[in-house]
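Here is the structure we will look at.
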Amino acid sequence: MTYENTQQGDSENKKIRSRKFIAAFLIFDLVVLICFFTWLYTGSITSAKESIFKAIPLPVALVESKHINSKQLFQRVQLATDLLQGNTESNENLPAEVLDQLIEARKTETLAAKYSITPTDQELDMSYQAVINQLPGQSEEALATELNKNYGISISTFKNEVLRQTATRENLSLWFNSQENLNSESYTKARELLSNLDNGSDFEQVATQYSEDIGSQAFAGDSGFVNYSDLLPEFQVVVSELALNDNVLVASRYGIHILRITGIEENEANEKSYNLQQIFITPSDFEAWLQTEFSNIKSVKLL
């Protein structure tokens with residue numbers, strides 16, 4: 001065997017040993033990682049684990065292959081903890097409860113996307129303005145102070161997370177109540193009452209006898225004068241096109257309504273207000289339908 005062959009053999013042996021060392025090192029790292037994540041994702045959530053989850057946005061749940069990360073979870077847990085200060089009940093199960101809420105919120109978003117009713121920026125702006133209008137002085141600064149002081153969140157977080165979730169759920173409720181095939185009994189009753197009214201039945205008597213809303217019954221369906229800006233968005237389009245004393249069937253996020261306008265006024269700011277009469281019909285069980293839809297959306301909890 002020549003010197004050159006010996007050198008070549010030694011070089012090959014070194015390469016083999018180097019590959020084995022790298023492979024062993026990678027296997028060791030893999031084992032360490034497996035042990036680490038096994039410890040992290042199993043058992044109770046200790047303070048050490050919580051620190052890691054807060055620092056690194058690790059997946060804690062999957063909803064239709066989209067993950068919810070740990071930073072989202074523990075931000076919500078901290079918010080809930082702040083809100084529950086002084087509550088004597090144990091908060092031990094709070095992370096699990098908050099995670100369930102986040103999964104439900106993600107499923108709600110998924111369902112809204114399925115039916116193409118995800119809230120638009122305009123709808124979010126309207127919801128936000130409605131909140132501002134309810135505050136003393138209608139001050140955005142007052143809202144910012146309130147949110148930061150009591151909840152530790154910004155206006156941006158409030159609008160893009162809290163209001164978005166509310167608007168998404170309301171859109172789903174409105175879509176559900178608009179589907180006659182999902183509310184067949186309610187629509188059958190509503191159309192029968194509408195036919196009776198169109199044929200001359202007294203609105204007040206029908207409202208008193210058949211409206212399924214306590215307020216409508218008590219006041220014979222009379223809601224009084226309501227400013228256009230204070231009407232539900234689903235009512236605004238309807239009343240602007242409805243002639244006096246005509247009847248119309250309309251679905252809202254709350255249920256099914258028969259509306260009639262008995263008067264229109266206009267204030268100094270040129271805003272119209274409408275004297276509304278309504279009969280309310282209870283829709284089918286939205287929550288039951290929602291849970292059935294949720295059961296068809298794949299989700300996995302990793303914690």
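Structure data summary
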| quantity | calculated |
| --- | --- |
| Any pair with Cβ under 9 angstrom, 6 or more apart, that starts in the stretch 141-157 at a residue that is farther than 18 Å from ALA80 by Cα and ends at one that is of a type in the set (S, T, N, Q) | ALA144/SER154; THR145/SER139 |
| Residue in the stretch 127-137 that is within 16 Å of the chain's Cα centre (by Cα) and in the same structural domain as ARG76 (by TED's automatic domain parsing) present | yes |
| Qualifying residue in the stretch 111-121 (condition: without any contact (Cβ under 8 Å) to a residue 24 or more places away in the chain, exposed (fewer than 14 other Cβ atoms within 10 Å of the Cβ), within 17 Å of PRO233 (Cα to Cα) and not acidic (Asp, Glu)) | yes |
| Matching residues, the stretch 194-214, being part of a helix (DSSP H, G or I) and touching a residue at least 24 places away in the same chain (Cβ under 8 Å) | LEU194, LEU197, ASP198, PHE203, GLU204, VAL206, ALA207, TYR210 |
| Which numbered condition GLN72 misses (of (1) at pLDDT 70 or above; (2) surrounded by fewer than 14 Cβ atoms within 10 Å (Cβ to Cβ)) | (2) |
| Total residues in the stretch 263-279, condition crowded, with 16+ Cβ neighbours inside 10 Å and either aliphatic (A, V, I, L, M) or in the same structural domain as SER65 (by TED's automatic domain parsing) (or both) | 2 |
| Residues (touching a strand residue (DSSP E or B) at 6+ places or on another chain (Cβ under 8 Å) and either part of a loop (DSSP other than H, G, I, E, B) or in the same structural domain as ASN150 (by TED's automatic domain parsing) (or both)) located in the stretch 37-58 | PRO57, LEU58 |
| Subset tally (residues that are exposed (fewer than 15 other Cβ atoms within 10 Å of the Cβ) and touching a Phe, Trp or Tyr at 6+ places or on another chain (Cβ under 7 Å)) for the stretch 226-262 | 1 |
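The values are calculated or read from the model by the stated rules, or taken from the named source; none is laboratory data. Note that the coordinates shown come from a computational prediction; the quantities given were computed from them, not determined experimentally. In this analysis, Cβ positions are derived from the backbone assuming ideal geometry, glycine residues included, and neighbour counts consider all displayed protein chains.
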